[in-house]
1. Looking at (1) in a helix (DSSP H, G or I); (2) surrounded by 15 or more Cβ atoms within 10 Å (Cβ to Cβ), can you tell me which one residue 89 breaks?
2. Somewhere in region 370-387, is a residue at pLDDT below 95, crowded, with 17+ Cβ neighbours inside 10 Å and under 30 Å from residue 175 (Cα atoms)?
3. Could you grab me the full set of residues in region 120-140 that are at pLDDT below 95 and outside any loop (DSSP other than H, G, I, E, B)?
4. Of the numbered conditions (1) more than 19 Å from residue 210 (Cβ to Cβ); (2) in contact with a strand residue (DSSP E or B) (Cβ under 9 Å, 6 or more places away or on another chain), residue 349 satisfies every one except a single condition; which is it?
5. Can residue 29 be described as surrounded by 15 or more Cβ atoms within 10 Å (Cβ to Cβ) and touching a helix residue (DSSP H, G or I) at 6+ places or on another chain (Cβ under 6 Å)?
6. Kindly list, by first and then second residue, each pair from a residue in region 180-191 that is in the same structural domain as residue 376 (by TED's automatic domain parsing) to a residue that is surrounded by fewer than 19 Cβ atoms within 10 Å (Cβ to Cβ) and part of a loop (DSSP other than H, G, I, E, B), limited to pairs with Cβ atoms under 7 Å and residues at least 6 apart or on different chains.
7. Looking at region 354-364, can you tell me whether even one residue there is at pLDDT 95 or above and closer than 22 Å to residue 170 by Cβ?
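The values are calculated or read from the model by the stated rules, or taken from the named source; none is laboratory data. Worth saying up front: this structure is predicted, and the values here are computed from it rather than measured. Here Cβ is always computed from backbone atoms with ideal geometry, including for glycine, and neighbour counts include all displayed protein chains.
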């Protein structure tokens, strides 16, 4: 069995192990699988997840039922396995639910099943200067869905990729970014031009060296993916520098747990101001997810406001902040590479910190174009391609 249509989902759930028994208990149904595992399902959980057309709208596959609309003490009148191996529940109020075993196993919440899902959850692959940079071909990515998926998985898991063979006409970047999803516009535009100019509204638009940073840490939600596409690069200098911010954070966690905790706990304000806008965001430099794993780095020293924390916390914050930056300057973490015309970087802006060496505009032209796509769009595109 490998069904999807009866459930509020567009994915399919292969049958890994068949159901062999269903045993009613006081507040739950306990099922046994062919591999010997037992999984309890509380009555409210089963009723809440009924996939029938009365509870789920078949067009959108979104839930119609709200659990508050059934009695809290609702219990089955009968439970059984049907001829197709599905769990069937006849409720006391006359409602009937039928659960596919593939779907049920995929959502079982016994300790063993939850641990299994956690192990299989995608994990970040931390890297240092010796990273074997994932490189992809532009034309292949534009034409081949399988290659596109491999690229996006590399962006998700490694956080830094390069694409080669990209046309060098201005605006070409938009086509490959839209292979993922729509582009996120900012006050710098849909596509922004990275060039030295006299009336710069960002240090990025100068010939200065740029220290390692994430873009737009001044926003409540930093852009997820950043693209930098090289159109012309005749100037001396200007090499790109990258570090894995997650690797830096984990190194700090191992070396100095107290400093790591300080950067997770004490918020810092980042500011981005010009003649027409003024963006500010107060947030910690390191953000953790619900499982305690590093999920985001927010860092741009040139966009940072004065630290504002208690007298007692100020020395703690400075010590942690200095150590974090010191780690990013260690050669073991830094990947340095010059980007040539027709090449682009695509990286996770909320993970991979990027920098640029100073360049000399008197020695030649240098023109990059960039854009942003949110991380949610990357993850959604991966799931759709994996169907």
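1. (1)
2. Looking for residues that are at pLDDT below 95, crowded, with 17+ Cβ neighbours inside 10 Å and under 30 Å from residue 175 (Cα atoms), one finds none in region 370-387, hence no.
3. Scanning region 120-140 gives a single hit, 120.
4. Residue 349 satisfies all of (1) more than 19 Å from residue 210 (Cβ to Cβ); (2) in contact with a strand residue (DSSP E or B) (Cβ under 9 Å, 6 or more places away or on another chain) except (1).
5. On the way: surrounded by 15 or more Cβ atoms within 10 Å (Cβ to Cβ): yes; touching a helix residue (DSSP H, G or I) at 6+ places or on another chain (Cβ under 6 Å): no.
Spelling it out, it is not the case that residue 29 is surrounded by 15 or more Cβ atoms within 10 Å (Cβ to Cβ) and touching a helix residue (DSSP H, G or I) at 6+ places or on another chain (Cβ under 6 Å).
6. Going by the 7 Å Cβ cut-off, the qualifying pairs are 183/190; 187/277; 191/171.
7. Within region 354-364, the first condition is being at pLDDT 95 or above, and the residues that meet it are 354-355.
Narrowing further to those that are closer than 22 Å to residue 170 by Cβ: 354.
The answer is yes; a qualifying residue exists.
One line per residue, one yes/no per condition, for (1) assigned by TED's automatic domain parsing to the domain that holds residue 243; (2) in a loop (DSSP other than H, G, I, E, B); (3) at positive phi:
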{"residue": "94", "(1), (2), (3)": "no, yes, yes"}
{"residue": "102", "(1), (2), (3)": "no, no, no"}
{"residue": "105", "(1), (2), (3)": "no, no, no"}
{"residue": "112", "(1), (2), (3)": "no, no, no"}
{"residue": "142", "(1), (2), (3)": "yes, no, no"}
{"residue": "146", "(1), (2), (3)": "yes, no, no"}
